[in-house]
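Chemist: Below is the structure I would like to discuss, written out as structure tokens.
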Amino acid sequence: MTRWPLPEYMRLALAQARKAAESGEVPIGAVVVKDGEVIAAGRNAPRERHDPTSHAEMEAIRTAARILGNERLEGCELWVTLEPCAMCAGAIVHARIARLYYGASDPKGGAVEHGARVFEQEQCLHRPEVYPGIGEAESADLLRKFFRERR
Ligand SMILES: [Zn+2]
């Protein structure tokens, strides 16, 4: 199988995931990009922040919305290392994210191609374009290593 070089945005998201691991958080990272420019980055930090909603996607979306001064991130892309959960998929809908790129699939907690399949629901108000499997191996390696070291 040909391995294409990872897009810069996914490499930045993976760097965020590594930062999360260094802080003892599950290694998941995300960045929001608009017109080729990185607007915001986020990583998992629920333990550190005592905030169950502190997922990488939520952090990146919150920061991007604050920076852009708009609760709608029209035309923005979200790059995240793992398939988003139902909460984050909901936030992606509310934020009107145009394109979602993610790394590894998450059969247990994911809600894009698994579980709730949020974007496929009839009630879903906005459907982003979805591009899975970008940096899948790198993202999965980080998660495997993290959980192995904690056992
Ligand atoms: Zn989430």
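Chemist: Among Arg96, Arg117, which is the only one that is more than 20 Å from Pro27 (Cα to Cα) and touching a residue at least 24 places away in the same chain (Cβ under 8 Å)? Spell out the reasoning first.
Modeler: Working: Arg117 fails: touching a residue at least 24 places away in the same chain (Cβ under 8 Å).
Exactly one of Arg96, Arg117 is more than 20 Å from Pro27 (Cα to Cα) and touching a residue at least 24 places away in the same chain (Cβ under 8 Å), namely Arg96.
Chemist: Just a yes or no: is a residue in the stretch 67-80 in contact with a Cys (Cβ under 7 Å, 6 or more places away or on another chain), buried (at least 23 other Cβ atoms within 10 Å of the Cβ) and aliphatic (A, V, I, L, M)?
Modeler: no
Chemist: From the list Gly42, Gly109, which residue is assigned to a loop (DSSP other than H, G, I, E, B), within 16 Å of the ligand (Cβ to nearest atom) and within 23 Å of Glu138 (Cα to Cα)? Give the derivation first.
Modeler: Working: Gly42 fails: assigned to a loop (DSSP other than H, G, I, E, B).
Residue meeting the stated conditions: Gly109.
Residue by residue, here is whether (1) surrounded by 18 or more Cβ atoms within 10 Å (Cβ to Cβ); (2) at pLDDT 95 or above; (3) among the acidic types (Asp, Glu) holds:
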{"site": "Gly90", "(1), (2), (3)": "no, yes, no"}
{"site": "His94", "(1), (2), (3)": "no, yes, no"}
{"site": "Leu100", "(1), (2), (3)": "yes, yes, no"}
{"site": "Glu120", "(1), (2), (3)": "no, yes, yes"}
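Chemist: Given Gly133, Gly115, which one is assigned to a loop (DSSP other than H, G, I, E, B), more than 14 Å from the ligand (Cβ to nearest atom) and on the phi > 0 side of the Ramachandran plot? Outline the logic, then answer.
Modeler: On the way: Gly115 fails: more than 14 Å from the ligand (Cβ to nearest atom).
None of the others qualify; the one that does is Gly133.
Chemist: Also, I was wondering about something else. Residue by residue through the stretch 47-96, note down the ones that are within 11 Å of the ligand (Cβ to nearest atom), part of a loop (DSSP other than H, G, I, E, B) and of a type in the set (Gly, Ala, Ser).
Modeler: Once the filter is applied, which keeps residues that are within 11 Å of the ligand (Cβ to nearest atom), part of a loop (DSSP other than H, G, I, E, B) and of a type in the set (Gly, Ala, Ser), the stretch 47-96 yields only Ser54.
Chemist: Here is a follow-up. Right, Ile61: under 19 Å from Asp106 (Cα atoms), in contact with a strand residue (DSSP E or B) (Cβ under 8 Å, 6 or more places away or on another chain) and of a type in the set (A, V, I, L, M, F, W, C) or not? Even if it seems obvious, please write down each step before you answer.
Modeler: On the way: under 19 Å from Asp106 (Cα atoms): no; in contact with a strand residue (DSSP E or B) (Cβ under 8 Å, 6 or more places away or on another chain): yes; of a type in the set (A, V, I, L, M, F, W, C): yes.
Considered against the rule, which asks whether it is under 19 Å from Asp106 (Cα atoms), in contact with a strand residue (DSSP E or B) (Cβ under 8 Å, 6 or more places away or on another chain) and of a type in the set (A, V, I, L, M, F, W, C), Ile61 comes out as no.
The values are calculated or read from the model by the stated rules, or taken from the named source; none is laboratory data. No experiment lies behind these values; they were computed from the predicted model shown. No Cβ is skipped: glycine too gets one built from the backbone with ideal geometry, and neighbour counts run over all protein chains shown.
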